[in-house]
Amino acid sequence: MQQLYDTLTQRFSLGEFTRQRADLAFITVEAVRLHALLRHLRDQEGFTHLVLLTAVDWLEDGQFQLTYLINNRAKCQDLGLRVMIARDNASMESIHDLWAAAATYQRELREMFGIDFPGSPRLMDDFILEGWNAAPPYRRDFDTLEYSRATYRERPGRETRDPAAHMKQQLYGDKGDV
Amino acid sequence: MSISDVLSPFTAWKNLFRDPVTIKDPLNERPGAARYRGFHKNDMDKCIGCGTCETICQNGAIDMLPVEGIPAVQGDSGLRPRIDYGRCCWCALCVDVCMTGSLTMSNEYKWVESDPDLFRFTPGVDKKYWDNAELGYQRHDEKHLMPVAREEMPELHPEARLDSFVEIVQGYNIEQAKLEADRCVSCGLCIATCPAHMAIPDYIKAVRDGDYERGVQLLYETNPFSQVCGRVCTHCCEDSCAARHEGDPIAIRWLKRHIIDQVPQEKVIELIGKPAAPTGKKVAIIGAGPAGLTAAFDLARLGHAVTVYEAQAAGGGMTRYGIPEYRLPYNALDRDIAVITAMGVEIKYNQRVGTDITMQQLEADYDAVVLAIGLHQGRSTRIPGSDHPQVRKAVDLLRQITAGETIDVPKSMVVIGGGNVAMDIARSMARLQLQHYGEIRVTLTALEDKAHFLADPVEIKESLEEQINILDSRGPQACVIDDNGKLLGLKTWKVLSIFDAERRFAPKYDPADEQIHEGEMIVEAIGQMADVSLLGDALTEKLEWNRGRIQIDPNGRTSENWLWSAGDCVKGPDVINAVADGHRVATSIHRALTPQEATA
Amino acid sequence: MFELDRSQYPQKKADGTLDIDLTSGKYLKLWQGPQHPGITGNMAIELTVCGDEVVDATTHVGYLHRGFEKLMERRTFMQCFPIVCRICVPEPDFNEYCYAAAVEELAGLEIPELAHWIRTLILEMGRVNSYLMYLGGQAGAFGQGVIGQWTTYVRDLMLDRFEELTGARIYHMFIIPGGVRDNLPDGFAGRMEETLREIESVLADVDRVMFHNAVFKKRAVGVGVIDTAWLDSYGITGPNARAAGVAKDVRKDQPYLVYPELEFEAVTGKDSDIYTRADVRRRDLLLSLDLIRQILSRLPKTGAVMTKLPNVLHWKIPRGETYVRGECSRGEYGYYLVTDGSGYPRRVNVRGPSYTHSIALFERMVINANISDVAALLVSLHTYPPEIER
């Protein structure tokens, strides 16, 4: 994988390289260079299989990480391309022209993370969340617990005690001056 | 496609003559497999209500609730898990994680009710027909979801430690402490057992997080003697630790020491922050031991002016003059005391109340007085010959060693007693013998048999490592003195029983089994009492007493409303109890000194 | 009568969109699912038909969305373990394996040899179950209900084996981060052998009644052909790719667990139609039976099944990311796990093979198919909706 990275750096400006396993590495790439790099990897380097495309929300850094995982079956290699994009008004170039299946991934990312992929087919169609009006739910600042508390009713009859607090109350709680 | 493709499907007709493969009566003929994860069982005798099952349940299916007839006691919260089967996913992580092995699963899966609320019940309390099922999910023999063995504490080997008073326990390094802290399940059962109710799970979490400054703040919330308690606390908390049931209890004491060891003293003072604004009230405290200084610390932080009167040349009381340096180095104690004096507490050393200043004077000069004089007078066996000058009290000898006084070290000696003080003096003298004569000849005789020794097991183990000759079930009968008045040794009889039928102290001996233990010196280490002579006759007369101890109310106040008493002298010997007592009287005094409208 | 070259149909406008005027009366919108016997699980297909020919199709999912990936972000690494299996009902074990392996990799844990063997055994047992269910479904799509009854019977026997090994029938919760929960019970290999024989006997019947069946051949041969050129474009893996003649099998391509030590070849076909895909799966099922026999005859009899874990209540894993895959009955199953040094996963993304198969691929394949073939076509892709929407 290091060899591949060395070859690629001669043609592309690449970011951090992380070797995760002998057959899996991650490379950070600038958003503007991704499409050309993917095309090169697909057509010249044998990474013909798009394994997945997903996002990671680094809320505290104000960034989304898009991970394009591609596979070279002949060489048994997986390569993850990490693209960091701004979280506000997140938008990224579509790759549905490289892999038809990418349109589905991009549709899901639009729905779940609110990332725009201009030109991607049926991008704005509801995918999983038909009729969803709240914030994109896979963003880190969407609180599932709070949502479920606000949306669903707790079944009555549930209560619990903290062992330490219960023991304090039973055994030695401050009873004031006695 | 061929003709056979048309005919071949007709072979299905052969099934016309087969018996059905379905189970005719599945409710009765189909028990769950031996490992089946079915309805829960809980062994009420083993469950300690630690709530770890609730913590790990990712469905939120478990509630911890009190159960009639199961009170909260030390080491058992009295709560029991109630399971909501509307949420349970039968993953059995609660069984895997259970700290006692009480929670298990039967292989029973058939249960029909029309009321859905019945599927929320407390296994073991609400009786079910599968409570005695033998089969069901078994956790693998090894407990996998957390380490069960304690991180080993680095200690000096006997050869390396025996010729000096260097501290034996080396303390955890950061990596070891993290591993040990990792084992804690944060159930908090220990908090109730700790007399000072320290925030144990929280400060252990601080160790896990490497946040020692937070750790120090947590320690000082409940205990200004973390150096001391981190080393010599009786750590009864560890007896309540949930981890002890299927492994070693968490080394709570050592982790406390680890926290305080990581933060420099100046930083500690900075972290605690400045005391409150002065209130103008004055409090005198007699005795600079853990009880007195804890009260002093609390009162000073609340803004009261505190003066401590200490008869000895240094503070710490019994922790300095009773506990040998190899267990508690003086500089560790000094650090604790320095933080307390940094809060504005004034300690007057070498000031013996009763001699240098009277109680009447203190009563007149201060708004409140605390008597925290500890137990510094050794008890005597009163056996024949015990008035010989070479028959000594352990507390006196230990005090002399700490004070650096020259001691006429005997070549051989006998210690009477089987408690920690006996071990302390035996091991201290053994060190001195080795320094003076190159060999150790210390015999220790105890009334109790080995199984009922009063000393900590670790003390006994280390004493044996240090070549102390420990003899159990020996009752002292006389100090053997020759015609020239020279002490030769101790005569003992075999102990048959110590207590009578009413559990009163009434030892019975077998005179036929008599031994003489050689010793140029005999040390009595059978208990201590308070020296209350400082009170003076008038005050002694006025105060109410209870079996030789000053009578106090639950807040530590005596029958005289200006006088409180705390620590060993009223509660018996124990550092952490003394600290707790110090807090108690400080709270009571603060209430008494603060105008009512302010507290209302 | 249809024009001969159906590939020219439906016609497209200049901008590439379909030239379909729904108000013309020539077209009909037809919903297949979510309640339809020919639908695999909870999903729906919105068909636009002209006569009985499909001219447009949209896959609708989301009927089973439980947000697992998000739920895991607020569960500790051990608390995620009981929920992952629920992402895929008929073959849950790949979730357990991929999740456990990803966690172990990022936490730097080595698991014992015996655990590797037992994990492989479980995955193959799960594959058998999944294929048995598929065979019943595929036959059912053509109206052959009896095949489903037979395969469900033998699948039930395999569930019995699961039950005695793992303590549960459907959601096994057995492949736990750190290893597996226990060794095989006494006498397991013998009872497994009986089960395998029963399955083989039923499969022989299935072969006669389903595969050597004029009706089945008439309906399945030459229908639903996947072009090899589509494989990469649509991310096609597993039997769908192997039936097209490409020996894509993670067990061979990137061997994991103990697959390097087992003797087998990837099962392939060449006609890439519904019949071939069914046949590839039938033969792959027979291969799994063989693999189970190989594993049971060779796995170590004793040894640790789990490695020592830190206290799982506050288990933190250093920052990192990885992808772990396995070959499930439908193709490449994988977990992409990102950790940030805390006690919770930062992000988990589950790659289920149905994700591309039942949306991008299916929507393309179904064009120009007859309505009566839609169900069989969808089943022949062997899709499970829960792994699409997670």
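The values are calculated or read from the model by the stated rules, or taken from the named source; none is laboratory data. Note that the structure is a prediction, hence the values are computed from the model and not measured. No Cβ is skipped: glycine too gets one built from the backbone with ideal geometry, and neighbour counts run over all protein chains shown.
In this structure, C:G62 qualifies as modelled with pLDDT of 85 or more, assigned to a loop (DSSP other than H, G, I, E, B) and not aromatic (F, W, Y). Among the residues of the range B:140-189, the one identified as over 26 Å from B:E325 (Cβ atoms), among the small types (G, A, S) and surrounded by fewer than 16 Cβ atoms within 10 Å (Cβ to Cβ) is B:A149.
In the set (1) of a type in the set (S, T, N, Q); (2) within 14 Å of chain B (Cβ to nearest Cβ); (3) closer than 30 Å to C:L299 by Cα, C:T237 fails one condition alone, (2). Of the numbered criteria (1) at pLDDT 90 or above; (2) within 30 Å of A:V56 (Cα to Cα); (3) within 14 Å of chain B (Cβ to nearest Cβ), the one A:L145 fails is (1). Taking the criterion of being in contact (Cβ under 8 Å) with a residue 60 or more places away in the chain and within 23 Å of the chain's Cα centre (by Cα), would at least one residue in the range B:433-451 satisfy it? So far as the range B:433-451 goes, no, none of its residues is in contact (Cβ under 8 Å) with a residue 60 or more places away in the chain and within 23 Å of the chain's Cα centre (by Cα).
Answer yes or no as to whether C:L257 is under 19 Å from the mean Cα position of the chain (by Cα), farther than 19 Å from C:G148 by Cβ and outside any loop (DSSP other than H, G, I, E, B). No, not satisfied. Residues that are among the acidic types (D, E) and in a loop (DSSP other than H, G, I, E, B) were ranked within the range B:128-163; the one that is farthest from the other protein chains (Cβ to nearest Cβ) is B:D163. For the range A:112-125, state whether one or more residues are surrounded by fewer than 19 Cβ atoms within 10 Å (Cβ to Cβ), touching a His at 6+ places or on another chain (Cβ under 7 Å) and either among the β-branched types (V, I, T) or within 10 Å of chain C (Cβ to nearest Cβ) (or both). The answer is yes, given that some residue of the range A:112-125 is surrounded by fewer than 19 Cβ atoms within 10 Å (Cβ to Cβ), touching a His at 6+ places or on another chain (Cβ under 7 Å) and either among the β-branched types (V, I, T) or within 10 Å of chain C (Cβ to nearest Cβ) (or both). When restricted to residues that are part of a helix (DSSP H, G or I) and among the aliphatic types (A, V, I, L, M), the range B:434-460 contains 4. Within the range B:515-557, the residues that satisfy the criterion of being at pLDDT 85 or above, under 20 Å from B:Q377 (Cβ atoms) and part of a loop (DSSP other than H, G, I, E, B) are B:A525, B:I526, B:G527, B:A530, B:D531, B:L543, B:Q551, B:I552. Any residue that is surrounded by 17 or more Cβ atoms within 10 Å (Cβ to Cβ) and part of a loop (DSSP other than H, G, I, E, B) - is there at least one of those in the range C:272-280? Yes; the residues of the range C:272-280 include at least one that is surrounded by 17 or more Cβ atoms within 10 Å (Cβ to Cβ) and part of a loop (DSSP other than H, G, I, E, B). Here B:N223 passes the criteria (1) away from chain A (no Cβ under 14 Å); (2) under 30 Å from B:R80 (Cβ atoms) except the one numbered (2). Quick check, is B:V579 within 24 Å of the chain's Cα centre (by Cα) and of a type in the set (A, V, I, L, M)? In short, yes.
Residues are listed down the side, and each one gets a yes or a no for (1) in contact with a Ser or Thr (Cβ under 8 Å, 6 or more places away or on another chain); (2) basic (K, R); (3) more than 17 Å from B:W90 (Cβ to Cβ):
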{"residue": "C:C98", "(1), (2), (3)": "no, no, yes"}
{"residue": "C:E110", "(1), (2), (3)": "yes, no, yes"}
{"residue": "C:T152", "(1), (2), (3)": "no, no, yes"}
{"residue": "C:I170", "(1), (2), (3)": "no, no, no"}
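Residues that are in contact with a Leu (Cβ under 6 Å, 6 or more places away or on another chain) and in a strand (DSSP E or B) were ranked within the range A:26-62; the one that is farthest from the other protein chains (Cβ to nearest Cβ) is A:V29. Of the residues making up the range B:164-201, those that are within 29 Å of B:E54 (Cα to Cα) and not in a helix (DSSP H, G or I) are B:R183, B:C184, B:V185, B:S186, B:C187, B:G188, B:C194, B:P195, B:A196, B:H197, B:M198, B:A199. Exactly one residue out of C:L231, C:L157, C:L184 is part of a helix (DSSP H, G or I) and within 11 Å of chain B (Cβ to nearest Cβ): that is C:L157. Those helices (runs of 4 or more DSSP H) of the range B:1-108 in which 1 or more residues are aliphatic (A, V, I, L, M) and within 11 Å of chain C (Cβ to nearest Cβ) occupy B:3-7, B:52-56, B:93-97. Any chance the range B:475-497 includes a residue that's in contact with a strand residue (DSSP E or B) (Cβ under 6 Å, 6 or more places away or on another chain), aromatic (F, W, Y) and at negative phi? Yes: one or more hits.
Considering the range C:250-265, and only residues there that are surrounded by fewer than 19 Cβ atoms within 10 Å (Cβ to Cβ) and farther than 18 Å from A:Q77 by Cα, the residue that is farthest from the other protein chains (Cβ to nearest Cβ) turns out to be C:E263.
Against the conditions (1) touching an Asp or Glu at 6+ places or on another chain (Cβ under 6 Å); (2) under 29 Å from B:V458 (Cβ atoms), B:W130 satisfies every one except (2).
Out of everything in the range C:294-343 that is among the aliphatic types (A, V, I, L, M) and away from every other protein chain (no Cβ under 12 Å), what residue ends up being nearest to B:C53 (Cα to Cα)? The selected residue is C:I317. Does the range B:500-508 contain at least one residue that is in contact (Cβ under 8 Å) with a residue 24 or more places away in the chain and in a strand (DSSP E or B)? So far as the range B:500-508 goes, yes, one or more of its residues are in contact (Cβ under 8 Å) with a residue 24 or more places away in the chain and in a strand (DSSP E or B).
Let's see how each residue does on (1) surrounded by 21 or more Cβ atoms within 10 Å (Cβ to Cβ); (2) without any contact (Cβ under 8 Å) to a residue 40 or more places away in the chain:
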residue	(1), (2)
B:V6	no, yes
B:D19	no, yes
B:R30	no, yes
B:A34	no, no
B:G38	yes, no
B:K46	no, no
B:C57	yes, yes
B:T100	no, no
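The condition of being among the β-branched types (V, I, T), over 26 Å from the mean Cα position of the chain (by Cα) and facing another protein chain (nearest Cβ under 9 Å) holds for only one of A:T104, A:T160, that being A:T160.
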